[in-house]
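To start, the structure under review is shown below, and the notes come after it.
The values are calculated or read from the model by the stated rules, or taken from the named source; none is laboratory data. Note that the coordinates shown come from a computational prediction; the quantities given were computed from them, not determined experimentally. Glycine also receives a Cβ, built like all others from the backbone with ideal geometry; neighbour counts cover every protein chain displayed. Remember, those area values only see protein heavy atoms, side chains included, never the ligands or the DNA or RNA. Shrake-Rupley method; radii C 1.70, N 1.55, O 1.52, S 1.80 Å.
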Amino acid sequence: MTSKQPDISRLGFWTVSSSKQGQGVGNLTDNNTTTYWQSDGQHPHTVSIKFPIRHDIHTISIYTDIDKDESYTPCKIRILAGTTSNDLQLVKDVDLAAEPHGWLDLPLLESLMAHLVQIEFPLNYENGRDVRIRGLRILGPPPSDGMFKNERILPFTTPEFHTYESLR
């Protein structure tokens, strides 16, 4: 996982297409790779994250472990985004050639502003039916190191100036 990018996962409301009892959506974001979400039903399996306001999304990070999960491991991942479930657009389509183990960062080509992100798992290794995901994170843009952050643009330092230098 990229450490400079903030994890904005907790800002969204998470839902899944289905889950086995005791292996629900909470296991995706509990920061424990021994627990997992396991789907229960027909393909494609989905995880949806709805944000109350549009967020800038740069990377989707997914933890899988083919050694432990075998046929439950996804071999194809699709990322869709939009404002509602009615206007979702495909933004990334990934075929996992190598057997995945650990965190897999899926950077988006462009900065993505979205209310809703949906991650689909349409295929598994060995034609498995259900999917197991041991961790999932939504990462925002890295903090900027631009001139506005730590440098003063204007050389004014009087108390009167500091009173009015920022807007609410």
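Would segment 76-97 turn up any residue that is farther than 16 Å from GLU120 by Cβ and among the hydrophobic types (A, V, I, L, M, F, W, C)?
There is at least one residue in segment 76-97 that is farther than 16 Å from GLU120 by Cβ and among the hydrophobic types (A, V, I, L, M, F, W, C).
Could you list, in sequence order, all residues of segment 7-32 that are more than 17 Å from GLN118 (Cα to Cα) and surrounded by fewer than 15 Cβ atoms within 10 Å (Cβ to Cβ)?
Correct list: LYS20, GLN21, GLY22, ASP30, ASN31, ASN32.
Exactly one condition in (1) under 22 Å from TRP14 (Cβ atoms); (2) surrounded by 15 or more Cβ atoms within 10 Å (Cβ to Cβ) is false for TYR125; which is it?
The single condition TYR125 does not satisfy is (1).
Does ILE60 satisfy being under 23 Å from GLU110 (Cα atoms) and either in contact (Cβ under 8 Å) with a residue 40 or more places away in the chain or open to solvent by less than 70 Å² (accessible area, probe 1.4 Å) (or both)?
yes
Which residue out of LEU116, LEU108 is free of Cβ contacts under 8 Å to residues at least 60 places away in the same chain and open to solvent by less than 30 Å² (accessible area, probe 1.4 Å)?
LEU108
Let's see how each residue does on (1) outside any strand (DSSP E or B); (2) touching a helix residue (DSSP H, G or I) at 6+ places or on another chain (Cβ under 6 Å); (3) modelled with pLDDT of 95 or more; (4) not charged (D, E, K, R):
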| site | (1), (2), (3), (4) |
| --- | --- |
| ILE53 | no, no, no, yes |
| ARG78 | no, no, yes, no |
| GLU99 | yes, yes, no, no |
| GLU110 | no, no, no, no |
| HIS115 | no, no, no, yes |
| GLU120 | no, no, yes, no |
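Looking only at segment 63-76, count every residue that is open to solvent by less than 10 Å² (accessible area, probe 1.4 Å) and in a strand (DSSP E or B) and tell me the total.
3
Can you tell me which of (1) farther than 18 Å from ARG129 by Cβ; (2) in a strand (DSSP E or B); (3) touching a helix residue (DSSP H, G or I) at 6+ places or on another chain (Cβ under 8 Å) is the one SER48 doesn't meet?
(3)
Which one of the conditions (1) out of contact with any Lys or Arg (no Cβ under 9 Å at 6 or more places or on another chain); (2) over 27 Å from PRO142 (Cα atoms); (3) of a type outside the set (Phe, Trp, Tyr) does SER71 fail to meet, given that it meets all the rest?
(1)
Filter segment 80-94 down to the residues that are charged (D, E, K, R) and assigned to a strand (DSSP E or B), then identify the one that is most open to solvent (accessible area, probe 1.4 Å).
Among those that are charged (D, E, K, R) and assigned to a strand (DSSP E or B), it is ASP93.
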